[in-house]
Amino acid sequence: MPKLTNDAPREWLPLPPHPPLMKPLALICTVALFQTQLLLALDITAQGSAVLVAPGQAEIGSQTATVKQAATLAVAPAPTVTVTDEPVKLSVDKPVGWSKGTRLRGCNARDVNASGSFEPGSLEIRRTKGGEVLKEGEDYLVDAEWAHVGLGPKSRVTAEDTVFASYRYSLLRIDTVQVGADGKATLRQGQPHISAPVPPAAEAGSVAVAHVFVGYRGTEVKPEQIWMISEPASKAVTATTPGRIPKTLAKLKAGQPVTIVCLGDSVTAGGNASKPELRYVDVFAAGLRERFPQAKIDVQNLSAGGSNSRQWLYPEKFAYRGLKGDANPARFDRVVAAKPDLVTIEFVNDAGLTPALVEETYGEILKRLEPLGSEVILITPHFTMWRMMGFKNMREPERRPYVLALRDFATKRNLALADASARWEHLAQEGLPYLTLLDNTINHPDDRGHRLFAEELWGCFR
């Protein structure tokens, strides 16, 4: 059962001003202090297929790890899987991107194929098992990034024929660098996964100080694959706002009935949670019921995969999948009909909105909820694959205009904000590449990612 916490985020304390260096002795002391700090810092570097851990010390939250002697830790290469004679039917669609063509099933990350897992050049398609080899570019086409195949321009087979594909694909893995009480650094190898590997916890009596992210087909360790752990999750500071839903909180504390509508897209619908009870909406609801056991809490999930807020507001202008009337689930009148005390709003699909459109669109949402007296919690979106956000790596801070505008909108209107984005940004300080929490390698979080949403929502109920 999820646990709620009343602990407020800890704020950083400003450093005291440095005294002026007026005397040589002060300079000597300052240099000595700087050198001591360097000696205490923990240094982990990449060398070939290993990581080198130098003597030093690291403080991570309340834990201290001291490496007493240098260690060279060998990192195993990324696992490769060979598939032989997988029966497939070649799609008539040209294989382009994540949605077109026939998927090679070994690369499947639940709802799509894992981007980059396929080993380019490894594919061989035959008419029959052990039979004639078909020719790429003529008989069939392949999108190597997404491991999708389709009929070629001069194919000798049809979409109705079953052919047999043999190929290789790779898995991901996260290993943990740990330091024991004896000062020895060792490496714990994680379990491979097609898209969302989980790092192993440190052994009893040891402290995890870094993770090594082993990418697809990785054989050597590069510096960017070393993820130092500088802070635990408990130290994450976000812009989540407690106290801005007073009417809802008062009802919950009084044990009165409360209706909450969770409005959103495929993430709110539960995209890539392993089971319904681990969707963020369900985790959030379970935590609320645990904290307010006397209240009758009705949490309604009103979501539509692939939708955005403007489709819900203006279905006639921005049609959702061409559906009309009651056949269209993305209608704001469903929200109004629920007469909610509180509405939470999550739309990663709004990420293309300009600040002006954020003001216009979310202002309209507030206008429609005003007659109901509904309170609102805005949820900033999680991180998605790099190119969707315009990022170049997994360590970049949040800078999407939509997210910054949403935070600003909440501040100006004194609205509650569940800042999931900042929580995902902090993953880098926890030594976790955020991409490994995207189960489909694009935009759907795994169970851990869903829980981050719930935790930030709980923060609004303090």
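The values are calculated or read from the model by the stated rules, or taken from the named source; none is laboratory data. Not measured: the values here are computed from a predicted model. A quick note on method: Cβ atoms are made from the backbone with ideal geometry, for glycine too, and the neighbour counts reach across all protein chains shown.
Let's see how each residue does on (1) assigned to a loop (DSSP other than H, G, I, E, B); (2) out of contact with any strand residue (DSSP E or B) (no Cβ under 9 Å at 6 or more places or on another chain); (3) surrounded by fewer than 23 Cβ atoms within 10 Å (Cβ to Cβ); (4) free of Cβ contacts under 8 Å to residues at least 24 places away in the same chain:
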site	(1), (2), (3), (4)
E396	yes, yes, yes, yes
H426	no, yes, yes, no
G431	yes, no, no, no
T436	no, no, no, no
G449	no, no, no, no
E456	no, no, no, no
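Taking segment 145-189 as the range and being closer than 30 Å to L42 by Cα and of a type in the set (A, V, I, L, M) as the test, the residues that pass are L171, L172, I174, V177, V179, A181, A185, L187. Among the residues in segment 259-275, are any under 25 Å from D439 (Cα atoms) and free of Cβ contacts under 8 Å to residues at least 12 places away in the same chain? Yes, that holds for at least one residue. So, in segment 133-179, of the ones that are farther than 23 Å from L438 by Cα and aromatic (F, W, Y), which residue ends up nearest to the chain's Cα centre (by Cα)? Of everything passing the filter in segment 133-179, Y167 is nearest to the chain's Cα centre (by Cα). One residue stands out in segment 329-362 among those that are free of Cβ contacts under 8 Å to residues at least 40 places away in the same chain and among the small types (G, A, S): the one that is nearest to Q256 (Cα to Cα), namely A337. Selection of segment 247-267 for residues being in a helix (DSSP H, G or I) and either over 19 Å from K339 (Cα atoms) or in contact with a helix residue (DSSP H, G or I) (Cβ under 6 Å, 6 or more places away or on another chain) (or both) yields K253, S266, V267.
In segment 215-230, the residues that are closer than 26 Å to A65 by Cβ form Cβ pairs under 8 Å with partners that are in a helix (DSSP H, G or I) and at pLDDT 95 or above, at six or more places apart or across chains, as follows: G215/Q225; G218/Q225; W227/A428.
Within segment 128-154, which residues are in contact with a Leu (Cβ under 7 Å, 6 or more places away or on another chain) and either loosely packed, with under 13 Cβ neighbours inside 10 Å or over 27 Å from L171 (Cβ atoms) (or both)? Of everything in segment 128-154, those that are in contact with a Leu (Cβ under 7 Å, 6 or more places away or on another chain) and either loosely packed, with under 13 Cβ neighbours inside 10 Å or over 27 Å from L171 (Cβ atoms) (or both) turn out to be L151, G152. When residues in segment 276-335 are screened for being touching a Phe, Trp or Tyr at 6+ places or on another chain (Cβ under 6 Å), under 22 Å from G363 (Cα atoms) and not in a loop (DSSP other than H, G, I, E, B), 6 of them pass.
Number of residues in segment 96-115 that are in contact with a Lys or Arg (Cβ under 9 Å, 6 or more places away or on another chain) and either assigned to a strand (DSSP E or B) or not charged (D, E, K, R) (or both) equals 5. Applying the criterion of being of a type in the set (S, T, N, Q) and free of Cβ contacts under 8 Å to residues at least 60 places away in the same chain to the residues of segment 39-75, the residue that is surrounded by the fewest Cβ atoms within 10 Å (Cβ to Cβ) is S62.
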